[in-house]
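Participant: Sharing a structure with you now.
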Amino acid sequence: MEMRCLVIVVCACCIAILYVIVRIETLRRAKLQCDYEKQIAQLRMLLEQSQSHSQTKELLIRRDTLRHEWHNAKVQIYSETSNWSEREKRCKDVYDTLIHYRSWNQFQTFVDQQFNCFLSRLSDRYSELSEQQQLLAFLYILNVDNEDIALVMNFQLSSLPNTKLRLAKKMNLSGGALLQPTLEGLLCTSFPLSLSENYRTINGRLTND
């Protein structure tokens, strides 16, 4: 009977210890998640402030114009043919006409001239990004649909979430949700670079945890 009581006490102690450990870990994770959400909110606030600047407004108008041209071309293509292979080929041709993505030198020159040296600034800050990842980052800047991103980059649509996470990791971000505001912040000249560096440091700790 004494042995049974001892076993019960030991088990109860183990359960209590495990509960405390789990509780501490849950609270720690909750704090990290709260910090993560605050980062996103602060980034979006900075972006909203930057949009009041005339240069940023011009960039956003240029981006929206490019998206509008693509949308009109896509509607026309889909109305003229129902053959998927032909649609795919023509859509890729239109994208190449608009952003010159098939030639890296032309693409880089176009983006830097039209979008505030975005690719040069991106590669300077994140030197490990491949050309393909830089193209993906620019497509995110344009707010291109996932279906179109997969088309242009020859991805399976189902693999795009993992591709996005790999890009975020390469940029030392703790999650895909920070990718869009971080890239848009890089595009806007009024974005405080020192603050961005602080976010990267915090994100590194979040990722390691």
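The values are calculated or read from the model by the stated rules, or taken from the named source; none is laboratory data. Note that the coordinates shown come from a computational prediction; the quantities given were computed from them, not determined experimentally. Glycine gets a Cβ as well: all are built from the backbone with ideal geometry, and neighbour counts include every protein chain shown. All accessible areas refer to the heavy atoms of the entire protein, side chains included, with ligands and DNA or RNA removed. Shrake-Rupley method; radii C 1.70, N 1.55, O 1.52, S 1.80 Å.
Participant: Apply 1/(1 + (r/R0)^6) to the Cβ-Cβ distance of Gln113 and Glu69, taking R0 = 22 Å, and write down the FRET efficiency to the nearest 0.05. All intermediate terms of the calculation are to be shown ahead of the outcome.
Facilitator: Details: r = 17 Å, r/R0 = 0.77.
Efficiency, from the Cβ-Cβ distance: 0.85.
Participant: Just the number, please: carbon plus sulfur as a percent of the accessible area of region 57-104, 1.4 Å probe, no ligands or DNA/RNA counted.
Facilitator: Numbers: 1480 of 3020 Å².
Result for region 57-104: 49 percent of the exposed heavy-atom area is carbon or sulfur.
Participant: If you don't mind, there's one more thing I want to ask. Using 7 Å Cα-to-Cβ label points, what is the Arg87/Tyr19 separation (nm, one decimal)?
Facilitator: 5.8 nm
Participant: A further question follows. If the chain between Asp145 and Arg121 were fully stretched, how many nm would it gain, using 0.36 nm times the residue separation less the Cα-Cα distance? Each step should come with its number before you reach the end.
Facilitator: Working: separation 24, 0.36 × 24 = 8.64 nm, distance 2.39 nm.
The Asp145-Arg121 span can extend by a further 6.2 nm.
Participant: Give a residue-ordered list of calculated ³J(HN,Hα) values for region 139-153 (Karplus: 6.51 cos²θ - 1.76 cosθ + 1.60, θ = phi - 60°; whole Hz; x for Gly, Pro).
Facilitator: 5, 5, 4, 6, 6, 6, 4, 4, 4, 6, 4, 4, 5, 5, 9
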